[in-house]
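Here's the structure, in structure tokens; my notes come after.
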Amino acid sequence: MNFRKSVFLVSSILCMLICVNSSWAQSTGSIEGVVKDSTGGVLPTAKVEISFAVSGFQRETTTGSNGEFRFTNVPFNPYHLIVTATGFATTAQDVDVRSSVPTKVEISLKLGTTSENITVEAAGVDLVETESTPHTDVDRELFDKLPLESLSSSVSSLVTLASPGVVADSNGLFHGLGDHAENSFSVDGQPITDQQSKVFSNQIPADSIQSLEVISGAPPAEYGGKTSLVINVTTRSGLGQKPPTGSVTSSYGSFGSVETGANLAFGGAKWGNFISANGLNTGRFLDPPEFQVLHAKGNEQNLFDRIDFQPTGPDSIHLNFGYTRSWFQQPNSFDAQATSQDQRAQVATFNVAPSWTHLFGASTLFTVGAFVRRDNFNYYPSNNSFADQPVTAGQQRTLTNAGFRTDVSYVKGMHNLKIGGTYQHTFLTENFTLGLTDPTLNDPCLDPATDSPAGNPAFTFPTQCAGAGFLPNDGTDPNATVNPFASVLACLDLTRPTPSPLDGCTGTKSALYQFHGHTDVKEVGLYAQDTITAGNWSFNLGIRGDIYRGLSGDSQAQPRAGIAYNIKPTNSVLRLSYARTMESPFNENLIFASTPGNAVASEFFGATAPVPPGQRNEFHAGFQQGIGKRVVIDGDYLWKYTHNSYDFTDFLNTPIFFPIAWHNSKISGFSIRASFPNYHGLTAFVTASSVAARFFNPQVGGLGTDLTTSGAFRIDHDQKFQQTTHVQYQANAKLPWIAMNWRYDNGLVAGAVPFATDKTTPVDLTGLTADQQMQAGLFCGSTFPTLTTPLTTCAPSKFGSTRVVIPAPGTESDDHNPPRIAPRHLFDVSLGDDNLFQKDHYKWSLRFTVINLTNKVALYNFLSTFSGTHFVTPRSYTAELGFHF
């Protein structure tokens, strides 16, 4: 079926009469109203406040001469609204914002006194939401004081700390609810489904974010693509910001880290601009494979600009622009440092996203927008090719995602209806070079005494071996410890500069393998959904259709359904939800990994095959419970079954990664979050979760496709338990504040640990270098390995590891008892003063942050098939000085 027919098919299924509409609608709305007295007269200069205690959101304004007020850029949540005016009694009411259609309220004040205490504290009923989809709301007021581990991936740190079910990984990566990076961002309505970590793409700077909504439940029909975790980002706006506000900050910390930034918000009643810029230079940009930092410098520059314009009452224009450039060294291990390895990378990200909205009457909002996002990734090998072992590799790739979106929202009575869709066209270009630098990697000869590679670069073909007393490595030796000689690799073996003519090489000397690939990926998503509110009930019913056409293709209709019931006497909400979703393949290095017949890739990994789209059935059951006015608990149990489940594999020891697909996966677990809204300056939250990620062979796509294997295994983003506790306290706005994080992770699966077959020791020590033994924290009794004296044998009773939990001999199971990274407790502390000199308009701030307070030596991962070995950040200090106006 061709692409045009597929579009028509899904359009017919959804019965949509509108042209392509947005699957990623705006996640903010507005609150508008008029304040009057009891006689109907308007009240100017009345003070209006709205707040949502759980997220920390709080905003205030005053009414104009006509008694009108307006709050824009308001995230979807229930709000507590309070109005005060001189000579009138204070009044309060609840306002629920669930649509981009403006929420209208009218306030009538009675004559009275204003001497009573005014509070924005919510009642217990205001803490719970009658929503079928579990999510976490975080406003800038809450996360502004949060100690964040990563300067260059602050958004990843924020999501990991604030949301349950999120597992921290190295280099700003996080795994949402048992999946590898099946996360997507929606930035003011723009979909970003490509990976957002330091080694893939630059993130939006945290300084530009006003609030986050992290959707961890079965996604409503408006969301497609990678939906294990959906992060809705609302950026900061300058609309109505008169007089201008802004800040300039500068910080210095451990590893020579220097960061300087500035932001400015300004505007009027019908326009606004928010702009921010910052730069970072640090000696520890990426997480290294050693606790000691070796060759890990990097820098980053960010620019973000948001423009809002409202030419008429019903019309609004919005434009986001962003550019980020990062440059960084690939951190060395002691092994790599010994060869003077000097690998580097650069990532440049450009983004522009305009949109226009028009309000028809008071109940219908039309939105249309476009977006272009481009990532340009360059990986540079060492200038000395032989410093990179066992191969030298380089890459230059670009990923351009362009598209347009439009949606119609209609709110009337009990219905909140959306009809929409999106069209995305992704342009992928990959250039890849490869050369062998280890003479034993594709050795034509074997040492007859050990059946191991001879390592003599003078021999270029197996027929030359016998005459020199070696065995030919042609696959006839059953005891050979390496793969047979592959003639296709001989031409790129840089250790043998003059390959034999028998190899079939076209040149007179070995040369780098050159790969160039380009492809287009087209995606269409159409949806219709209705949120129906009837008394204490809420129903979310929808259907979505996706068409994916890339190196593989699929079309699916996906029903979505959710139900929630509010038990008001006990402040309880019970909910159930289901989603059928189509998972789209990762775009990063998709071409090289999906090209059948790639002889060079096949020699390293096995067969290659296109990565197919996946199909998922997802179920959630959960609750919310408000306890008095001070606590709200949100719990959820999930179960996901996926056919064609995704992961990544790395290319030997390079930072180049390729997508792969497994036959299916079963992911289940629970997550819970307890929030403690502000009480006399004390704010806290606790998150906890356990997610089991069982994947099943065979591998059905990408590098190493092998349809002959079977069996279940725990993938490296399976983690039995993790929790985060955050507490912050500030007695009042004039005093200093303090904030603390406590993060516990029981450890990701470390499936690449080599196990001994002779049972004399749990680990095959010959399969690890001395450096790798040190990284894993191995020991034998009181003996620890050094770079010059590795462990060679050890009795099981004396064998152990300080950083990896290794099953006893005979008990290891890839499914039920795999090796894991050792559990770790990490503590972060931040303290500061937001107004050092107690000024009203021009304020100076000072902040001091300590990450990993106890200097815990711990791993994120060990010999991971995705990214190798990485250590958590050692104890580090940062002092920040800021000027605010």
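The values are calculated or read from the model by the stated rules, or taken from the named source; none is laboratory data. Computed from a prediction, not measured in an experiment: that's the story for all the values here. Ideal geometry is used to build each Cβ from the backbone, glycine not excepted, and the neighbour counts take in all protein chains shown. Please note that ligands, DNA and RNA were not included when accessible areas were found on the heavy atoms of the full protein model with its side chains. Shrake-Rupley method; radii C 1.70, N 1.55, O 1.52, S 1.80 Å.
Table for the structure above
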| item | result |
| --- | --- |
| When residues of region 172-211 are limited to those that are of a type in the set (Gly, Ala, Ser) and in a loop (DSSP other than H, G, I, E, B), the one nearest to Leu264 (Cα to Cα) | Gly189 |
| Residue that is nearest to Val159 (Cα to Cα), among those in region 686-726 that are buried (at least 23 other Cβ atoms within 10 Å of the Cβ) and small (Gly, Ala, Ser) | Ser689 |
| Residue check, Ser645 under 30 Å from Phe432 (Cβ atoms), of a type in the set (S, T, N, Q), in contact with a strand residue (DSSP E or B) (Cβ under 9 Å, 6 or more places away or on another chain) and in a strand (DSSP E or B) | yes |
| Subset tally (residues that are part of a loop (DSSP other than H, G, I, E, B) and open to solvent by 20 Å² or more (accessible area, probe 1.4 Å)) for region 373-424 | 7 |
| Inter-residue pairs, beta-carbon under 7 Å, first touching a residue at least 12 places away in the same chain (Cβ under 8 Å) and in region 335-348, second crowded, with 18+ Cβ neighbours inside 10 Å and among the charged types (D, E, K, R), 6+ apart | Asp335/Asp771; Gln341/Asp388; Gln343/Asp388; Val347/Asp375 |
| Region 153-164, subset modelled with pLDDT of 90 or more and assigned to a loop (DSSP other than H, G, I, E, B), residue surrounded by the most Cβ atoms within 10 Å (Cβ to Cβ) | Pro164 |
| First in region 674-685 and surrounded by fewer than 18 Cβ atoms within 10 Å (Cβ to Cβ), second anywhere and modelled with pLDDT of 90 or more, Cβ under 6 Å, 6 or more apart | Gly681/Tyr729; Gly681/Gln730; Gly681/Ala731; Leu682/Tyr729 |
| Matching residues in region 1-55 - criterion: being in contact with a Gly (Cβ under 6 Å, 6 or more places away or on another chain), buried (at least 21 other Cβ atoms within 10 Å of the Cβ) and modelled with pLDDT of 85 or more | Val35 |
| Where a residue in region 600-626 is in contact (Cβ under 8 Å) with a residue 24 or more places away in the chain and outside any loop (DSSP other than H, G, I, E, B) and its partner, wherever it lies, is open to solvent by less than 40 Å² (accessible area, probe 1.4 Å) and of a type in the set (Phe, Trp, Tyr), with Cβ under 8 Å and at least six apart | Val600/Phe515; Ala601/Phe592; Phe604/Phe651; Gly614/Tyr646 |
| Residue that is at pLDDT below 90 and not β-branched (Val, Ile, Thr), where the choices are Pro819, Pro807, Pro874 | Pro807 |
| Any hit, region 194-205, residues being open to solvent by 10 Å² or more (accessible area, probe 1.4 Å) and more than 16 Å from the chain's Cα centre (by Cα) | no |
| Filter result (open to solvent by 40 Å² or more (accessible area, probe 1.4 Å), within 28 Å of Glu129 (Cα to Cα) and either assigned to a strand (DSSP E or B) or without any contact (Cβ under 8 Å) to a residue 12 or more places away in the chain (or both)) within region 523-567 | Thr533, Gly535, Trp537, Phe539, Leu541, Ile543, Pro559, Ala561, Ile563, Tyr565, Ile567 |
| Failed criterion for Glu68 (all others in (1) within 23 Å of Asn232 (Cα to Cα); (2) open to solvent by 30 Å² or more (accessible area, probe 1.4 Å); (3) at pLDDT 90 or above hold) | (1) |
| Which listed residue is in contact with a Pro (Cβ under 8 Å, 6 or more places away or on another chain) and assigned to a strand (DSSP E or B), from Ala688, Ala684, Ala692 | Ala688 |
| Candidate set: region 279-295, residues that are over 14 Å from Gln337 (Cα atoms) and of a type in the set (D, E, K, R); chosen: the one surrounded by the most Cβ atoms within 10 Å (Cβ to Cβ) | Asp287 |
| Lone unmet requirement of (1) over 30 Å from Gln203 (Cβ atoms); (2) part of a strand (DSSP E or B); (3) of a type outside the set (A, V, I, L, M); (4) open to solvent by 30 Å² or more (accessible area, probe 1.4 Å) for Gly435 | (4) |
| Pair list, Cβ under 6 Å, 6 or more apart: region 736-748 residue farther than 19 Å from Asp834 by Cβ, other residue among the β-branched types (Val, Ile, Thr) | Trp742/Thr725; Arg743/Thr724; Gly747/Ile821; Leu748/Ile821 |
| Counted residues, region 135-152 - those being part of a loop (DSSP other than H, G, I, E, B), among the polar types (S, T, N, Q) and over 20 Å from Ser197 (Cα atoms) | 0 |
| Residue within region 636-659 that is open to solvent by 20 Å² or more (accessible area, probe 1.4 Å), basic (Lys, Arg) and at pLDDT 95 or above present | no |
| Matching option when the condition is polar (S, T, N, Q), more than 27 Å from Ala362 (Cα to Cα), assigned to a strand (DSSP E or B) and open to solvent by 50 Å² or more (accessible area, probe 1.4 Å), among Ser250, Ser276 | Ser250 |
| Residue count, region 292-333 (criterion: within 25 Å of the chain's Cα centre (by Cα), part of a loop (DSSP other than H, G, I, E, B) and over 23 Å from Glu259 (Cα atoms)) | 1 |
| All strands (runs of 3 or more DSSP E) inside region 834-885 with 3 or more residues being surrounded by 15 or more Cβ atoms within 10 Å (Cβ to Cβ) and free of Cβ contacts under 8 Å to residues at least 24 places away in the same chain | none |
| Selection count where residues are surrounded by 19 or more Cβ atoms within 10 Å (Cβ to Cβ) and among the polar types (S, T, N, Q), scope region 733-780 | 5 |
| Residue in region 302-315 that is at positive phi and without any contact (Cβ under 8 Å) to a residue 60 or more places away in the chain present | no |
| Members of region 568-599 found to be β-branched (Val, Ile, Thr) and either closer than 30 Å to Tyr641 by Cβ or assigned to a loop (DSSP other than H, G, I, E, B) (or both), listed by number | Val573, Thr581, Ile591, Thr595 |
| Number of the condition not met by His175 [criteria: (1) under 29 Å from Phe862 (Cβ atoms); (2) open to solvent by 10 Å² or more (accessible area, probe 1.4 Å); (3) not aliphatic (A, V, I, L, M)] | (2) |
